[in-house]
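The values are calculated or read from the model by the stated rules, or taken from the named source; none is laboratory data. Treat the numbers as computed from the prediction; the structure is a model and nothing was measured. Cβ: placed from backbone, ideal geometry, glycine included. Neighbour counts: every protein chain shown. Areas reflect the complete protein model, heavy atoms only, side chains present, ligands, DNA and RNA absent. Shrake-Rupley method; radii C 1.70, N 1.55, O 1.52, S 1.80 Å.
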Amino acid sequence: MTGSTATPAGTPAGTPSAGRDWPARATRSLRRYRVLALVTGAMLLVLCVELLMKYVIGVDDDVMRWVAWVPFAHGWIYVVYLVTVVDLWSTMRWGLGRLVTMVLAGVVPVMSFVVERTVHREGEAQVATGRPARRGVPVVPAR
């Protein structure tokens, strides 16, 4: 079998193959991304409230001691969010623009909720096809 490459049954030659378990892996990645996107978005909104209290309203230091943990918590949650973003991005084989958008969604208030909805819808459409995207070819979900 020198020089030949085997492809799974029903997969045209040259089509990326991710194995039979790809839909299950992709579904798990989508679920993890969805949870972390929502948690990151919520923590970012809490961080914005904390910053408003500190710099705009000028709340007393005694009160600020109670919310001093918020920036640290958001920072670590964002790191975990980045891991889930890279996992989903590589599993789905999306383009670099999608990766940048998903990364930025964790630092722009409310953007994570909008991007999560779009990514989840398009990811589910891609899982329905049963295979990852070819690099640079967007998957358009059915409405």
For VAL83, the lone unmet condition from (1) in a loop (DSSP other than H, G, I, E, B); (2) closer than 21 Å to TRP22 by Cα; (3) β-branched (Val, Ile, Thr) is (1)
Picking from ARG117, ARG134, ARG65, ARG98, the residue that is of a type in the set (Lys, Arg), out of contact with any Phe, Trp or Tyr (no Cβ under 9 Å at 6 or more places or on another chain), under 27 Å from THR27 (Cβ atoms) and not in a loop (DSSP other than H, G, I, E, B) would be ARG117
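Residues are listed down the side, and each one gets a yes or a no for (1) among the small types (Gly, Ala, Ser); (2) outside any helix (DSSP H, G or I); (3) open to solvent by 50 Å² or more (accessible area, probe 1.4 Å):
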position	(1), (2), (3)
PRO23	no, no, no
ALA26	yes, no, no
ARG31	no, no, yes
VAL39	no, no, yes
MET43	no, no, no
PHE72	no, no, yes
ILE77	no, no, no
Of the listed residues (VAL56, VAL107), the one being of a type in the set (Val, Ile, Thr), open to solvent by 70 Å² or more (accessible area, probe 1.4 Å) and not in a helix (DSSP H, G or I) is VAL107
Expected output for the stretch 66-86 (first residue within 15 Å of LEU99 (Cα to Cα), partner among the aromatic types (Phe, Trp, Tyr) and surrounded by 11 or more Cβ atoms within 10 Å (Cβ to Cβ), Cβ below 6 Å, 6+ apart or cross-chain) is THR84/TYR33
